[in-house]
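S.K.: Could you have a look at this structure, given as structure tokens, before my questions?
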Amino acid sequence: MKISLITASYNSAATIADTLRSVAAQTYPDIEHIVVDGASKDETMAIVEQYGDHLADARSEPDKGIYDAYNTGLSRVSGDVIGFINSDDFYYGPHVIGAVAAAFDSANVEAVFADLIYVDPDDTDRVVRHWRGRELDQAALRRGFVPAHPTLFVRRSMFDKVGEFDTRFRLAADYDFMLRLFARHHAEARYVPQTWVRMRTGGATGAGFAAVKRQNAEIRASQRAHGIAYPAVLFAAHKAIDRALQHLRARTMSFPPHGSAPHYRNVT
């Protein structure tokens, strides 16, 4: 099984080396990794050249944002399974992609996802939030729950059915894609209770209250477009409670430091 990884980047010189090193360190033997850069004005592509010996493709050209870059990446990869690892994220250890491949042990499994930790952008050993997955069903989708996108891997055949990312959504096209994948096409998903990704806080959807508000508005618009009705008050309450629990878990659970021996903890 070939697993394709797409990294979208723009002015990511401060972080993309971690991303590239984490993919290069994977023990799984059949990985296709490409970088789609949006014409960065910093040293991003020089760092890609320095740390990207394993890359199948790396190009830098103007685009219309991260989801446009994702769509470009989808047109260039050839794997049986596709995942996305952004230029400020990196894998939790060297055996993540092996665990992904193992989770696709049945032809009935069309998507897999796992847990994620949000880390301080400057001190990546400091865990700020712990995003925990759970089994996916239609009730969870109505409440606004979808997998953490950097932990989601999907069979290429499902992309052929679902289509590409809808770039009309500037902050929630990944949510809209997952809603189409799971609510409309009923993809068979498997949740793996392991931590797969360290994700730096910040970014477009973490840049303050206004960005969160806009993202939630786009999520609600996507729900309406796909015929999902759920009271706005309950939706907001679920989001607030989930965020609070993520912070609580970060304070009460221990995680090995970045660069330590690989560790995958089952979360109950």
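The values are calculated or read from the model by the stated rules, or taken from the named source; none is laboratory data. Source: prediction; values computed, not measured. Please note: Cβ atoms are built from the backbone with ideal geometry, for glycine as well, and neighbour counts cover all protein chains shown. What goes into the accessible areas is simple: the full protein's heavy atoms, side chains included, and nothing from ligands, DNA or RNA. Shrake-Rupley method; radii C 1.70, N 1.55, O 1.52, S 1.80 Å.
S.K.: Calculate the length of the line joining the C-alpha centroid of region 137-208 to that of region 44-107, in whole Å.
M.R.: Centre-to-centre (Cα) distance: 16 Å.
S.K.: Which residue, Ala210, Ala24, Ala39, has the most motion in a Gaussian network model of the chain that connects Cα atoms within less than 10 Å?
M.R.: In the Gaussian network model the winner is Ala210.
S.K.: What is the chain by shape, rounded, prolate or oblate, if you read a ≥ b ≥ c off the alpha carbon gyration tensor as root eigenvalues and call it rounded for a/c under 1.5, prolate for a/b larger than b/c, and oblate otherwise? Before the final figure, lay out each step's value.
M.R.: Numbers: a/c = 1.28, a/b = 1.21, b/c = 1.06.
In terms of gyration-tensor shape, rounded.
S.K.: Could you give the dipole magnitude of the chain about its Cα centre, charging the beta-carbon of Lys and Arg +1 and that of Asp and Glu -1, in debye to the nearest 20? Can you show the working numbers first?
M.R.: Working: 31 positive and 32 negative charges, 263 e Å.
Roughly 1260 debye, rounded to the nearest 20.
S.K.: How large is the charge dipole for region 20-101, taken about the Cα centre, if only the Cβ atoms of Lys, Arg (+1) and Asp, Glu (-1) carry charge, to the nearest 20 debye? Walk me through the numbers before you get to the answer.
M.R.: Numbers: 5 positive and 14 negative charges, 20 e Å.
Charge dipole of region 20-101: 100 debye, to the nearest 20.
S.K.: List every residue whose amide H lies under 5 Å from the amide H of Ala58, counting only residues 5 or more places away in sequence or on a different chain, with H placed 1.01 Å from N in the peptide plane.
M.R.: The answer is Val35.
S.K.: Separate question: With every protein chain present, what is the per residue accessible area of the chain (1.4 Å probe, Å²)? Before the final figure, lay out each step's value.
M.R.: Details: 12080 Å² over 268 residues.
Value for the chain: 45 Å² per residue.
S.K.: Given the chain, what percent of its DSSP beta bridges are antiparallel, to the nearest 5?
M.R.: On the way: 12 of 35 bridges.
Roughly 35 percent of the DSSP beta bridges within the chain come out antiparallel.
S.K.: Moving on to the next point. Nothing charged except the Cβ atoms of Lys and Arg (+1) and of Asp and Glu (-1): what's the magnitude of the dipole of region 1-154 about its Cα centre? Round to the nearest 20 debye. Working shown, then result.
M.R.: On the way: 12 positive and 24 negative charges, 104 e Å.
It works out to roughly 500 debye.
S.K.: Could you look at region 85-227 and say what percent of its accessible area is carbon and sulfur, using a 1.4 Å probe and all protein chains?
M.R.: Solvent-exposed carbon and sulfur of region 85-227 make up 46 percent of the total.
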